[in-house]
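Reading through the structure tokens given below for one structure.
The values are calculated or read from the model by the stated rules, or taken from the named source; none is laboratory data. Owing to the predicted nature of the structure, the values given are computational and were not obtained by experimental measurement. Positions of Cβ are generated from backbone atoms using ideal geometry, with glycine treated the same way; all protein chains shown enter the neighbour counts. Calculation scope for accessible area: heavy atoms of the full protein, side chains included, ligands and nucleic acids excluded. Shrake-Rupley method; radii C 1.70, N 1.55, O 1.52, S 1.80 Å.
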Amino acid sequence: MKIIPIAFESLGVRSQATFIETSDLKILVDPAVSLAPRRYGLPPHKMEVEKLLELARSVNEYAREADVLVITHYHYDHHDPGFVIPKDIYRGKKVFIKDPNSFINPSQGKIRAPKFLNSIKGLPSSIQSADGKGFVLGHTKIKFSYPVPHGADERMGYVVQVAVSDGDETVMITSDIEGAPREMHMEFTQEVKPSTLIIDGPLSYMLGYALTEDQFDASMDNLEKIVKQGLTTMIIDHHLVRDQRYREIISSLKLRVKEVNANVMTAAEYLKEEENPLESRRKELFSESNEPAKLPRGVAELLKGGG
Ligand SMILES: [Zn+2]
Ligand SMILES: [Zn+2]
């Protein structure tokens with residue numbers, strides 16, 4: 001099985017877009033990229049917008065190769081109704097989506113999901129709500145979790161988690177759970193027992209605001225438990241890498257799991273590429289060269305939507 005992280009915070013944008021290839025199926029989970037509309041009170045830097053457009057092209061290319069596209073929830077870093085990635089990528093594809101009608105918050109259920117579904121209308125060969133379901137396509141199994149909260153509470157809505165197995169190996173993507181702060185975030189991982197897990201990590205850059213110390217501690221305990229359950233590799237990226245201290249947090253997790261033989265790494269490390277966490281470095285980027293980006297129309301619309 002080939003697992004290719006396409007766009008992540010450690011590669012320079014907000015995303016968890018991942019391409020998975022088994023012997024007989026190609027799947028792209030969450031074909032979208034985004035940026036923080038504001039960080040440290042600053043708009044995106046020119047380098048971030050250039051990276052966004054570059055990785056959008058890459059998502060676009062992989063999506064065209066894929067047989068299956070998956071949308072885990074309706075935030076713009078996980079789905080794109082045509083802002084920077086052409087909606088034509090959905091043409092002829094089998095599409096599995098988070099159920100837009102149940103376990104969803106008002107902004108995703110009333111606004112974003114209908115807008116997205118309307119934008120791709122008529123393009124996919126099939127489109128199915130995936131929550132809690134399993135599908136067998138040739139030799140490949142795709143399994144979805146029941147909806148779980150987007151973090152410690154339900155205000156940000158719900159996501160579906162996805163696992164792909166080829167018989168030898170299972171890869172699972174948690175989507176946005178903010179680093180598994182609750183027991184229920186662990187259930188699907190315990191059920192599918194992945195060898196590779198792609199997880200978003202806690203929102204530690206919002207510690208004291210959107211995240212309490214207790215929630216952060218619960219996430220760290222749960223991340224430790226998950227690694228010790230028998231993972232070969234944990235790719236921890238997305239929310240965690242928005243924090244300038246993400247290296248320290250990864251190091252402390254690695255220390256807690258050092259007795260087991262597991263890799264804990266960012267998407268960039270997994271790809272053996274240099275890490276490029278542009279959002280967390282935005283203040284530095286502006287102090288090095290004060291270049292607020294000129295936003296192409298699609299990017300301006302994407303960021304108006306709140307990232
Ligand atoms: Zn989200
Ligand atoms: Zn996200």
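Order of 218-228, 55-65 by packing, highest average Cβ count within 10 Å first?
Final packing ranking: 218-228, 55-65.
Could you order peptides 169-175, 101-107 by the average number of other Cβ atoms within 10 Å of their residues, highest first? Show your work: numbers first, answer last.
Values: 169-175: 23.3, 101-107: 14.7.
The densest-packed peptide leads the list: 169-175, 101-107.
Quick one: pull the percent of accessible area on the range 2-276 belonging to carbon and sulfur, 1.4 Å probe, ligands and nucleic acids left out.
So the carbon and sulfur contribution to the accessible surface is 50 percent.
Relative to a virtual label point 7 Å from the Cα of residue 128 in the Cα→beta-carbon direction, which members of the range 76-98 show backbone nitrogen distances below 19 Å?
From the range 76-98, the list is 90-98.
Any idea what the dipole of the chain comes to, in debye rounded to 20, about its Cα centre with Lys/Arg Cβ at +1 and Asp/Glu Cβ at -1?
Dipole about the Cα centre, nearest 20: 920 debye.
With a cap of 16 neighbouring Cβ atoms within 10 Å, and only residues DSSP puts in a loop, list the trypsin sites (Lys or Arg not before Pro) found in the range 96-136.
Those satisfying the criteria are 121, 133.
Take the Cβ-Cβ distance between residue 146 and residue 272 as r, set R0 to 45 Å, and report the resulting FRET efficiency rounded to the nearest 0.05. Don't skip to the answer; put the middle values down first.
On the way: r = 35 Å, r/R0 = 0.79.
Efficiency, from the Cβ-Cβ distance: 0.80.
Given R₀ = 25 Å, FRET efficiency for residue 224-residue 291 by Cβ-Cβ distance, to 0.05? Walk me through the intermediate numbers first.
Numbers: r = 41 Å, r/R0 = 1.64.
Approximately 0.05, to the nearest 0.05.
Using only alpha-carbon positions, what ratio does the radius of gyration of the chain give when scaled by 2.2 N^0.38 Å? Write down the numbers at each step before the final one.
Details: Rg = 18.0 Å, N = 307, 2.2 N^0.38 = 19.4 Å.
So the Cα radius of gyration is 0.93 times the expected 2.2 N^0.38 Å.
According to a simple spin-label model (label point 7 Å from Cα along Cα-to-Cβ), what is the distance in nm between residue 54 and residue 136?
With each label placed 7 Å out from Cα toward Cβ, I get 4.4 nm.
Under the classification rounded if a/c is under 1.5, otherwise prolate if a/b is larger than b/c and oblate if not, where does the range 29-105 fall, given a ≥ b ≥ c as square roots of the Cα gyration tensor eigenvalues?
Oblate.
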